[in-house]
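Notes follow the structure.
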Amino acid sequence: MKYLVQKFGGTSLVTPELREQVARKIIAAKDEGYAPVVVVSAMGRQGDPYATDTLVKFVEGINSSISPEALDNLMACGEIISGVTMVATLEGQGHKAVFLTGGQAGIITDNGHTDAHIVKVDPKLIHQYVSERVIVIVAGFQGQTENGMITTLGRGGSDTTAAALGVALNAEAIDIYTDVDGIKTADPRIVENARTLDEITYNEICQLAHEGAKVIHPRAVEIAMQKNIPIRVKCTFSDAPGTLVTASYDKRVEIKRDRIISGITHIPNVTQIEITTSEFPSSEYPQLKIFKAMANAGISVDFINIHPDVVIYTVKDDIAGRAVGLLEDMGFAPIVTPKCAKVSAVGAGMAGVPGVMASIIEALVAEDIGILQTADSHSTIWCLVKQDDMEKAIRALHNYFALGE
Ligand code: ADP
Ligand code: MG
């Protein structure tokens, strides 16, 4: 049996008309001879009646300190409502369909309530229903511990569910349906003429996703690439081919060798912290002390530059106060720059190409954008800028590298 995993995001499921479109995509896959295994998110976004945030706000209004175990039971409801609604839609059109929770679909996780990791997938119920020619709808974003407790998989969890099922079922592809045409050269909400990429490598999309492009969750990409299952990012509301994510674009190398940058992405709301360590004797290992203190406090650090006398790094704005407090308690005098944004240029084609950094600086300087920090790898260049300059910086880089339509 040829399995096809199809994942539909929350915005694709909010109205009856949209759910009809979703049903059409599922039935089209079935008509093409696939066994569709459909993963759904909760319907809508924040504020919509059955969206996860709405359910959480409702209970937090009664008691804001419920346990993570209880919270997981609550957060799993949105996808259950959504999945059963899709079964009703499909059966209303005469197609046999069944709904499975994450646990029933065989998704077993660790005990990390509210941000659990999948430890194994045993899709025997899926195989059974598929052999009876029933369309299987699975609740995204959730699993079950070995002891039968419901867990949720954290941000972007439905993408992760789809990828894990794609691997477990050895699917032909994992289709991620969303509200845009595919993976674009930048967030279309910021760059109007962002272009949809036909193809992208797992590595590039991982970098884009880690650096803020929320169109797909990086964990999902990492899972799919373990078994080389192709991912296609497509639009629920159109027949556009979308973006194909695969291990390499060998086929294309001859034709499009000139693609140095594939996309520009961004992470807002970060604070830069700069600490002079020269007053501290090196025998006290001040650099080690700083990062141990952050680690012990569970503060995740990014954009780390260590020089002999200076340590620079970033943290999320909302935990910056705590990080700075810890540093001051230890006798450091950090220089703090809040409200910054990390803007990244990603492209496998930049490896070994001289002058990419110079081009990036030229593009930003021409727009009068101050660069607070940079770092680079073989496929990404990161720049820290003031948040007020973020959108201007994204557009400047997008234009400079002519990434638009
Ligand atoms: P879903 O509910 O379908 O999972 P998401 O909101 O998680 O949808 O992801 C889709 C959104 O990702 C788009 O509406 C778009 O604004 C945003 N996005 C950010 N960067 C990109 C990018 N490079 N390409 C495409 N979409 C992007
Ligand atoms: Mg998403």
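The values are calculated or read from the model by the stated rules, or taken from the named source; none is laboratory data. Predicted model, so just to flag it, every value in this text is computed and none were measured. No Cβ is skipped: glycine too gets one built from the backbone with ideal geometry, and neighbour counts run over all protein chains shown. Heavy atoms of the whole protein, side chains included, go into the accessibility calculation; ligands, DNA and RNA do not. Shrake-Rupley method; radii C 1.70, N 1.55, O 1.52, S 1.80 Å.
Just a few scattered comments:
- Only one of Asp122, Asp110, Asp115 that is open to solvent by 50 Å² or more (accessible area, probe 1.4 Å), more than 23 Å from Val233 (Cα to Cα), within 16 Å of ligand 2 (Cβ to nearest atom) and assigned by TED's automatic domain parsing to the domain that holds Gly166: Asp115
- Of the helices (runs of 4 or more DSSP H) lying entirely inside the range 136-228, not one carries at least 2 residues that are within 10 Å of ligand 1 (Cβ to nearest atom), assigned by TED's automatic domain parsing to the domain that holds Phe303 and under 16 Å from the mean Cα position of the chain (by Cα).
- Of the residues making up the range 17-49, those that are within 16 Å of ligand 1 (Cβ to nearest atom) and hydrophobic (A, V, I, L, M, F, W, C) are Leu18, Val22, Ile26, Val38, Val39, Val40, Ala42, Met43.
- The range 385-399 residues that are farther than 11 Å from Ile267 by Cβ, paired with ones that are of a type in the set (Val, Ile, Thr) and part of a helix (DSSP H, G or I) (beta carbon under 7 Å, 6 or more apart): Leu397/Ile360
- Residue in the range 260-272 that is within 16 Å of ligand 2 (Cβ to nearest atom), among the hydroxyl-bearing types (Ser, Thr, Tyr) and closer than 25 Å to Val353 by Cβ present: yes
- Among the candidates Asp31, Asp72, Asp53, Asp48, the residue that is over 27 Å from Gly182 (Cβ atoms) and charged (D, E, K, R) is uniquely Asp72.
Residue-by-condition table, conditions (1) open to solvent by less than 30 Å² (accessible area, probe 1.4 Å); (2) under 20 Å from Ser158 (Cα atoms); (3) in contact with a Ser or Thr (Cβ under 7 Å, 6 or more places away or on another chain); (4) in a helix (DSSP H, G or I):
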| position | (1), (2), (3), (4) |
| --- | --- |
| Leu18 | no, yes, yes, yes |
| Gln21 | no, yes, yes, yes |
| Lys30 | no, no, no, yes |
| Met43 | yes, yes, yes, no |
| Asp53 | no, yes, no, yes |
| Val56 | yes, yes, no, yes |
| Ile62 | no, no, no, no |
| Ile66 | no, no, no, no |
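- Looking across the range 210-238, not a single residue is free of Cβ contacts under 8 Å to residues at least 40 places away in the same chain and among the small types (Gly, Ala, Ser).
- For the range 148-167, taking the residues that are of a type outside the set (Gly, Ala, Ser) and out of contact with any strand residue (DSSP E or B) (no Cβ under 8 Å at 6 or more places or on another chain), the one that is surrounded by the most Cβ atoms within 10 Å (Cβ to Cβ) is identified as Met149.
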